[in-house]
Amino acid sequence: MSKFSSWFSRFRSSSKYFYHSIRTFTNEPSTIHSFNSHRTTWSKSLLPLALAVSAASFSHFNPSLCDAPDIRGASFGGKGSTQYVVKGSQKEFPQELLNELKAICQDNISVDYDERYIHGKPQNSFHKAVNIPDVIVYPRSEEEVSKIVKSCNNHKVPIVPYGGATSIEGHTLSPNGGVCIDMSLMKRVKALHVNDMDVVVEPGIGWMELNEYLEPYGLFFPLDPGPGASIGGMCATRCSGSLAVRYGTMRDNVITLKVVLANGDIVKTASRARKSAAGYDLTRLMIGSEGTLGIITEVTLRLQKIPQHSVVAMCNFPSVKEAADVAIATMMSGIQVSRVELLDEVQLKAINIANGKNFPECPTLMFEFIGTEAYAREQTQIVRAIVSEHNGSDFVFAEEPEEKKELWKVRKEALWACFALEPDLEAMITDVCVPLSHLADLISRSKNELDASPLVCTVIAHAGDGNFHTVILFDPNEEEQRREAERLNQFMVHSALSLEGTCTGEHGVGTGKMKYLEEELGVEALRTMKKIKSVLDPNNIMNPGKLIPPHVCF
């Protein structure tokens with residue numbers, strides 16, 4: 001009986017996935033909260049089924065911990081999935097847990113439908129889920145986060161962490177309802193060590209706010225993803241930005257973290273030393289884990305000196321391939337550029353319409369050179385010579401602060417500019433990255449497909465490190481448009497993977513990229529991830545249904 005007891009215990013712990021496959025609840029505003037009504041719990045309803053299954057398979061005991069497929073076929077996020085509405089099952093929210101959360105958070109808690117809907121629908125993404133969070137909490141301290149997580153774990157209620165709401169792969173969806181932990185009240189700068197060039201912050205502070213704080217000290221944090229991104233979310237998705245070509249990604253710029261695990265324990269991942277060989281690298285384990293292993297409550301970041309001088313240059317090309325070739329040649333020359341950004345002619349058209357500009361509507365490279373005034377100008381002239389060798393033209397550069405700021409502002413707001421072309425559509429954004437030598441080939445191949453498509457598509461690339469995005473504008477409610485957008489996305493992902501690249505250079509996996517991970521990493525790597533997840537989060541409450549594909553079993 002010991003073997004049966006062990007099996008049955010594991011069956012109960014994972015049976016929500018089976019329950020998910022036979023029943024789906026959809027939130028309605030009028031019935032979203034009925035905290036005192038009674039529903040039969042899945043553990044009771046599945047007891048006869050568990051006994052029946054055990055009787056049939058007891059002699060062939062070989063339980064497999066994995067997510068059950070959807071009743072209609074491929075599970076969402078599994079191999080071959082083309083769905084974009086994430087399914088899930090939502091149990092009645094326990095009144096006892098609600099009372100505990102109110103005691104912890106006091107007034108910083110909400111069950112308002114509109115507020116829950118906003119938190120359950122990503123602002124910059126077409127991804128949706130059938131359910132929204134039951135409760136939103138706004139912790140003010142690490143201790144409150146620990147208490148919230150511990151209570152949710154005791155009740156086996158799912159948790160979804162929420163940062164700056166700029167993610168685009170469905171990271172903050174709540175397909176199973178549960179508790180959304182909004183970190184926006186935790187945004188203090190806890191310590192600044194000017195002589196060590198590091199800073200300790202809470203996760204809710206934005207990178208732009210942080211740089212405003214640091215500017216008087218002559219320091220800055222070099223990662224620059226989309227406007228509005230918070231430091232905690234940037235860690236969770238292992239993001240980067242246009243400056244990664246010089247300063248690296250989030251994994252290179254975080255020294256240590258404090259993280260609340262699923263049982264409420266608070267873990268410090270490393271010391272503040274710039275290097276250490278002490279034990280497993282828990283910091284890198286948590287960076288990019290997308291809230292599936294723990295909730296980040298404190299971050300220690302490397303800082304950089306604000307450059308003495310910088311020059312921003314722009315130049316135009318007949319094709320995106322020639323522009324990409326120049327980006328590669330520039331990196332091969334050994335010049336320490338801080339930014340190399342590529343925009344195609346469609347993106348330039350969008351920028352002109354949205355901002356009232358008059359840029360030439362052709363493939364364009366934008367560079368930034370930093371250092372002393374003499375060194376930055378010398379770099380500029382070397383790149384100018386490279387450009388002239390590759391059919392580049394209209395090489396112009398800016399050194400005045402306001403002019404440079406305006407040029408980069410236009411680049412940072414490129415996504416919003418795209419909606420000037422098609423205001424009523426949504427965007428599917430690709431994020432492939434390949435070894436630098438393959439970039440021109442991949443962009444050229446992708447551009448041919450994009451230009452032949454009936455959909456409006458733009459190209460934006462961090463060309464210095466092989467990462468490029470396409471913004472595919474489509475109506476997700478139109479089946480034909482959705483399938484075409486997905487076809488283009490898959491074409492670019494599979495092309496990148498065939499060139500030893502990745503499906504996501506900086507946006508993360510969420511729900512949108514799960515289906516590509518087995519092809520990229522192999523099933524053994526995914527099983528290893530799932531084993532780590534099962535140990536740190538045995539009740540699967542931490543952002544369930546994200547990052548690890550549902551078909552992965554062990």
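Candidates in the range 134-173 are the residues that are out of contact with any Cys (no Cβ under 7 Å at 6 or more places or on another chain) and among the charged types (D, E, K, R); of these, the one that is nearest to residue 229 (Cα to Cα) is 169. Considering 185, 192, which residue is over 18 Å from residue 236 (Cβ atoms) and either modelled with pLDDT of 95 or more or of a type outside the set (Phe, Trp, Tyr) (or both)? That would be 192, the only listed residue that is over 18 Å from residue 236 (Cβ atoms) and either modelled with pLDDT of 95 or more or of a type outside the set (Phe, Trp, Tyr) (or both). Would you confirm, using the coordinates I've provided, whether residue 428 is open to solvent by less than 10 Å² (accessible area, probe 1.4 Å) and touching a Ser or Thr at 6+ places or on another chain (Cβ under 7 Å)? Considered against the rule, which asks whether it is open to solvent by less than 10 Å² (accessible area, probe 1.4 Å) and touching a Ser or Thr at 6+ places or on another chain (Cβ under 7 Å), residue 428 comes out as no.
In the condition set (1) modelled with pLDDT of 95 or more; (2) over 25 Å from the mean Cα position of the chain (by Cα), residue 446 is compliant with all but (2). Picking from residues in the range 118-170 that are closer than 21 Å to residue 431 by Cβ and among the β-branched types (Val, Ile, Thr), the one that is nearest to the chain's Cα centre (by Cα) is 168.
Does the range 543-554 hold any residues that are under 26 Å from residue 145 (Cβ atoms) and open to solvent by 40 Å² or more (accessible area, probe 1.4 Å), and which are they? Listed by number, the list holds a single entry, 545. When the range 104-142 is filtered for residues that are part of a loop (DSSP other than H, G, I, E, B) and polar (S, T, N, Q), the ones remaining, listed by number, are 106, 108, 123, 124, 125, 131, 141. Of the residues making up the range 262-297, those that are among the aliphatic types (A, V, I, L, M) and more than 20 Å from the chain's Cα centre (by Cα) number 7.
When the residues of the range 187-214 are filtered to those that are touching a Phe, Trp or Tyr at 6+ places or on another chain (Cβ under 9 Å) and within 15 Å of residue 228 (Cα to Cα), the one that is surrounded by the most Cβ atoms within 10 Å (Cβ to Cβ) is 207.
A count restricted to the range 492-542 and to residues that are outside any helix (DSSP H, G or I) and either open to solvent by 50 Å² or more (accessible area, probe 1.4 Å) or in contact (Cβ under 8 Å) with a residue 12 or more places away in the chain (or both) stands at 21. Does the range 481-489 contain any residue that is in a loop (DSSP other than H, G, I, E, B), open to solvent by 10 Å² or more (accessible area, probe 1.4 Å) and in contact with a Phe, Trp or Tyr (Cβ under 6 Å, 6 or more places away or on another chain)? No - not one qualifying residue is present in the range 481-489.
Table: residues versus (1) part of a helix (DSSP H, G or I); (2) more than 20 Å from residue 519 (Cα to Cα).
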position: 421; (1), (2): no, yes
position: 428; (1), (2): no, yes
position: 432; (1), (2): no, no
position: 438; (1), (2): yes, no
position: 441; (1), (2): yes, yes
position: 446; (1), (2): yes, no
position: 460; (1), (2): no, yes
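Residues being of a type in the set (A, V, I, L, M, F, W, C), in a loop (DSSP other than H, G, I, E, B) and open to solvent by 20 Å² or more (accessible area, probe 1.4 Å): count how many of those fall in the range 304-334. Selection size over the range 304-334: 1. Contact map, the range 275-303: first residue assigned to a strand (DSSP E or B), second residue open to solvent by 60 Å² or more (accessible area, probe 1.4 Å) and of a type in the set (D, E, K, R), Cβ cut-off under 8 Å, separation 6 or more or different chains; pairs are 298/190; 300/272; 302/252; 302/274.
Screening residue 169 on (1) of a type in the set (D, E, K, R); (2) surrounded by 19 or more Cβ atoms within 10 Å (Cβ to Cβ); (3) more than 30 Å from residue 479 (Cα to Cα) shows it passes everything except condition (3).
Are any of the residues in the range 470-482 aromatic (Phe, Trp, Tyr) and over 18 Å from residue 422 (Cα atoms)? For the range 470-482, residues aromatic (Phe, Trp, Tyr) and over 18 Å from residue 422 (Cα atoms): absent. Among the residues making up the range 405-425, those that are open to solvent by less than 30 Å² (accessible area, probe 1.4 Å) and under 18 Å from residue 315 (Cβ atoms) are 407, 408, 410, 411, 414. If you check 145, 149, 157 for being in a loop (DSSP other than H, G, I, E, B), among the β-branched types (Val, Ile, Thr), in contact with a strand residue (DSSP E or B) (Cβ under 7 Å, 6 or more places away or on another chain) and modelled with pLDDT of 95 or more, only one passes: 157. Within the range 264-275, the residues that satisfy the criterion of being open to solvent by 20 Å² or more (accessible area, probe 1.4 Å) and within 17 Å of residue 141 (Cα to Cα) are 265, 266, 267, 268. A Cβ distance below 6 Å, combined with a sequence gap of six or more or placement on separate chains, defines the contacts here; from the range 398-410, residues that are closer than 15 Å to residue 354 by Cα reach residues that are aliphatic (A, V, I, L, M) and open to solvent by less than 50 Å² (accessible area, probe 1.4 Å) in the pairs 407/312; 410/351.
Taking the range 104-139 as the range and being charged (D, E, K, R), farther than 30 Å from residue 416 by Cα and buried (at least 16 other Cβ atoms within 10 Å of the Cβ) as the test, only 134 passes. Whether any residue in the range 293-302 is among the hydrophobic types (A, V, I, L, M, F, W, C) and at pLDDT below 95 is what I want to check. Checked the range 293-302: no residue is among the hydrophobic types (A, V, I, L, M, F, W, C) and at pLDDT below 95. Contact annotation: residue pairs with Cβ atoms under 6 Å, 6 or more positions apart or on different chains, pairing a residue in the range 138-165 that is over 15 Å from residue 291 (Cα atoms) with a partner that is open to solvent by 30 Å² or more (accessible area, probe 1.4 Å) and assigned to a loop (DSSP other than H, G, I, E, B), are 138/108; 138/185; 140/185; 155/94; 156/539.
Exactly one residue out of 387, 383 is open to solvent by less than 10 Å² (accessible area, probe 1.4 Å) and more than 25 Å from residue 222 (Cβ to Cβ), and it is 387.
The number of residues in the range 420-430 that are more than 30 Å from residue 310 (Cβ to Cβ) and either touching a residue at least 24 places away in the same chain (Cβ under 8 Å) or in contact with a helix residue (DSSP H, G or I) (Cβ under 9 Å, 6 or more places away or on another chain) (or both) comes to 7. Among the residues of this structure, residue 396 counts as one that is surrounded by fewer than 17 Cβ atoms within 10 Å (Cβ to Cβ) and not in a loop (DSSP other than H, G, I, E, B).
The values are calculated or read from the model by the stated rules, or taken from the named source; none is laboratory data. These numbers come from a predicted model, not from an experiment. Note that each Cβ is placed from the backbone with ideal geometry, even for glycine, and that neighbours are counted across all protein chains shown. We work out accessible area using only protein heavy atoms, side chains counted, and drop any ligands, DNA or RNA first. Shrake-Rupley method; radii C 1.70, N 1.55, O 1.52, S 1.80 Å.
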